[in-house]
Each structure stands twice: as structure tokens, then as C-alpha cells.
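A quick write-up on the structure given underneath.
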Amino acid sequence: MKIGISGAQGSFSEQAAGQYCRENGIDSPELVYLTFVEQVLEALEKGEIDLGIFAIENSNGGVVTEYLPAIGRHRFDIVKIFEMNVEHMLLALPGTKREEVKRIVSQNQALRQCRMYLKRVWADADVEEYVDTATAAKDLHEGTLPKDAAVIAPASAGKLYGLEVLEPGIQDLKFNYTTFIAAKKL
């Protein structure tokens with residue numbers, strides 16, 4: 001089974017796909033990493049994937065409004081709506097000290113889920129939106145982002161890209177659930 005997800009390797013969407021597969025007895029799926037929901041839904045309509053998984057809402061960050069236009073443009077059948085607890089990490093290059101961090105980079109929804117933490121702890125840092133949490137981690141590792149950056153991303157992205165956790169569990173609410181849709185072609 002080919003499953004398209006709206007995220008890069010190491011993303012929460014990848015974790016959601018894993019959870020969905022475990023709960024529904026799907027063994028050895030082929031994951032297709034499609035950064036945007038628009039790409040997931042296009043691939044679904046073209047029959048390039050069998051299932052699409054993407055986030056629609058977070059208990060703290062609210063509706064994923066940037067996805068609404070894509071959802072409105074495409075026709076699909078909802079197979080399942082499910083939730084997953086999301087825990088954000090502040091990640092940096094190995095050996096980076098807190099005082100060296102000048103900017104915090106992540107996807108808009110992740111920034112919204114950590115906004116009070118950022119105001120309280122990183123008021124002087126530049127906060128920058130990025131395409132995806134896991135892509136931010138990858139780009140920090142590869143040097144696309146400057147060394148003075150830290151990213152908000154899943155622990156899995158930090159492990160995958162060799163980043164260190166500066167601080168775990170930085171989301172504003174301890175219980176931080178994201179609602180995902182598993183969709184198939186109509």
C-alpha cells in the first residue's frame with residue numbers, strides 16, 4: 001500500500017501514518033513524502049497513492065487553516081479521522097549552547113502550539129516560519145539553516161538528522177492532540 005503524507009521523513013505526519021497502519025493492520029506500507037496537503041490530494045486523485053494522511057486541527061493551535069483551500073479544491077473520501085498526541089522538541093546542532101541560538105524555525109502550526117513558550121523563553125529570538133517541522137530539522141543538519149538556529153520538531157526528526165534536544169516538551173499544553181484524516185480516492 002502506498003501512503004502519501006503531508007510531511008517529510010521524521011515528521012508528525014509520518015508518525016501518524018505509522019499509528020494508522022498499526023491500528024489498522026497494515027504491514028510494510030510504502031510512504032510517499034509529500035510536503036503539502038495539496039500534493040497529497042493531487043496524488044490521491046491521480047491514483048499515485050492509495051491513501052493520504054494529513055493533519056486538519058490541533059487542540060492548541062486550532063484548525064490548520066493553510067490546508068483549507070487544498071481540501072476545498074479536491075474530492076476525496078474520508079476513511080478515518082484520528083488523533084495523535086504531539087510533543088515538540090527544541091532541537092539544535094550538537095554542542096550548541098542556548099545563548100548561541102538567535103532564531104527559532106518551524107512550521108506555522110508548530111509555532112502556534114508553542115507561542116507562549118516562545119514569548120516567555122525566547123522573546124529576543126527571531127521566529128521564522130518554515131515549510132515543515134522535519135524539513136527544518138533536515139535543513140539545519142545540512143547547513144541550509146544557519147548554525148545560530150534551533151528548530152521546533154519531533155524527537156524523531158532530531159534523531160534522524162543528528163540534532164540535540166535543547167528542551168523537550170515545549171508545547172504550551174501538556175496534552176497537545178492533532179487530528180489527522182486518512183483519505184482515499186472517491
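Coordinate-derived values only; no laboratory data. Please read these numbers as outputs of a predicted model, since none were measured by experiment. All Cβ positions, glycine included, derive from the backbone under ideal geometry; neighbour counts span all protein chains shown.
Listed values, structure above:
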quantity: Computed helical MRE - 222 nm, the chain, DSSP H runs ≥ 4 contributing -39500 (n - 2.57), nearest 500; calculated: -8000 deg cm²/dmol
quantity: Check: region 1-75 dipole with +1 on Lys, Arg Cβ and -1 on Asp, Glu Cβ, in debye; calculated: 100 debye
quantity: Set of aspartates and glutamates with alpha-carbon distance to residue 102 below 17 Å, sequence-local pairs under 8 removed; calculated: 124, 126, 128, 129, 139, 148, 164, 167
quantity: Rel. contact order, % - alpha carbon contacts under 8 angstrom, at least six apart, the chain; calculated: 33 percent
quantity: Potential lengthening between residue 148 and residue 98 on full extension [0.36 nm per residue; Cα-Cα distance subtracted]; calculated: 17.1 nm
quantity: Rel. contact order, % - alpha carbon contacts under 8 angstrom, at least six apart, region 25-110; calculated: 26 percent
quantity: Residue pairs, from the table 97/159; 97/119; 159/184; 147/174, whose Cα atoms sit over 26 Å apart; calculated: 159/184; 147/174
quantity: Residues 5, 181, 49, sorted so that the one with the fewest Cβ neighbours within 10 Å comes first; calculated: 181, 49, 5
quantity: Region 70-90 and region 34-67: distance between their alpha carbon centers, rounded to Å; calculated: 6 Å
quantity: Cα radius of gyration and Dmax for the chain (Å); calculated: 16.3, 52
quantity: Two-decimal Rg/Rh across region 47-142, once Rg and the Kirkwood Rh are taken from alpha-carbon atoms; calculated: 1.03
quantity: Assigned charges on the beta-carbon of Lys, Arg, Asp, Glu; the chain dipole about Cα centre (debye); calculated: 260 debye
quantity: Area projected by the alpha carbon convex hull of region 89-167, averaged over all directions, nm²; calculated: 4.3 nm²
quantity: Cβ-based net charge around residue 3, under 10 Å, with every Lys or Arg adding one and every Asp or Glu removing one; calculated: -2
quantity: Dipole axis of region 89-167 (+1 Lys, Arg; -1 Asp, Glu on Cβ), positive-most option in 116, 162, 152; calculated: 116
quantity: Considering only region 1-151, percent of DSSP beta bridges that pair antiparallel, nearest 5; calculated: 15 percent
quantity: For region 98-110, 3J(HN,Hα) per residue [Karplus equation, 6.51 cos²θ - 1.76 cosθ + 1.60, θ = phi - 60°, Hz, x = Gly/Pro]; calculated: 3, 5, 7, 7, 10, 9, 10, 10, 5, 5, 3, 5, 5
